[in-house]
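The values are calculated or read from the model by the stated rules, or taken from the named source; none is laboratory data. It should be emphasised that the depicted structure is a prediction, and the values quoted were computed from it without experimental measurement. Quick reminder, even Gly has a Cβ in these numbers, built from the backbone with ideal geometry, and neighbours come from all protein chains shown.
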Amino acid sequence: MGKPSQPRRLPETEARAYLHQLRTSARKLNLVAQAIRGLKAGAALTELEFSKRRIARDVRKVLQSAIANAENNHQLDVDRLIVAEATVGRTMVMKRFHARGRGRSARVEKPFSNLTVIVREMPEASETAEEKS
């Protein structure tokens, strides 16, 4: 019983991984996401492994999840994957207060973000070379 399954929203050559409520601002997360957009999956993993930013560890886990989804759920070739999209979105902001001098307080905002990584399988280079000639 239950609902009928939804049709797949992505093309057959793409796989996706999504992480919500990531504890960093969207601006900081977008700097890391921008570094991996358009790279091959292996090069993007290497880039994230040696990045100095704290959030790169979480982005790397999401990218590994997208690669695993491509391999296990959609039978795509891991060696031909590229990072097609890495999108960042804002979500909730926790508001806190810190005590300051003279009985005052200061507002502190603790932002959260969402991250979506889509990997795409590129056609083989030999196939594209044969088609051009």
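Screening the candidates 15, 26, 41 for the property of being surrounded by 15 or more Cβ atoms within 10 Å (Cβ to Cβ), touching a Leu at 6+ places or on another chain (Cβ under 6 Å), at negative phi and modelled with pLDDT of 95 or more yields one hit, 41.
I'd like the residue in region 6-24 that is of a type in the set (A, V, I, L, M, F, W, C) and in contact with a helix residue (DSSP H, G or I) (Cβ under 8 Å, 6 or more places away or on another chain) and, out of all such residues, is nearest to residue 72 (Cα to Cα). Walk me through it before giving the result.
Step one: of region 6-24, the residues of a type in the set (A, V, I, L, M, F, W, C) are 10, 15, 17, 19, 22.
Imposing the further condition that a residue be in contact with a helix residue (DSSP H, G or I) (Cβ under 8 Å, 6 or more places away or on another chain) reduces the set to 15, 17, 19, 22.
Details: 15: 10, 17: 13, 19: 19, 22: 25 Å.
Residue satisfying both the conditions and the ranking: 15.
Scanning region 105-127 for residues that are assigned to a strand (DSSP E or B) and either of a type in the set (D, E, K, R) or in contact with an Asp or Glu (Cβ under 9 Å, 6 or more places away or on another chain) (or both) turns up 107, 109, 110, 115, 116, 117, 118, 119, 120, 121. Of everything in region 63-92 that is over 17 Å from the mean Cα position of the chain (by Cα) and over 30 Å from residue 109 (Cα atoms), the residue that is surrounded by the most Cβ atoms within 10 Å (Cβ to Cβ) is 76. The single residue among 80, 102, 120 that is modelled with pLDDT of 95 or more and within 25 Å of residue 29 (Cβ to Cβ) turns out to be 120. Within region 86-121, the set of residues being among the β-branched types (Val, Ile, Thr) and within 13 Å of residue 18 (Cβ to Cβ) comprises 87, 88, 91, 116, 117, 118, 119.
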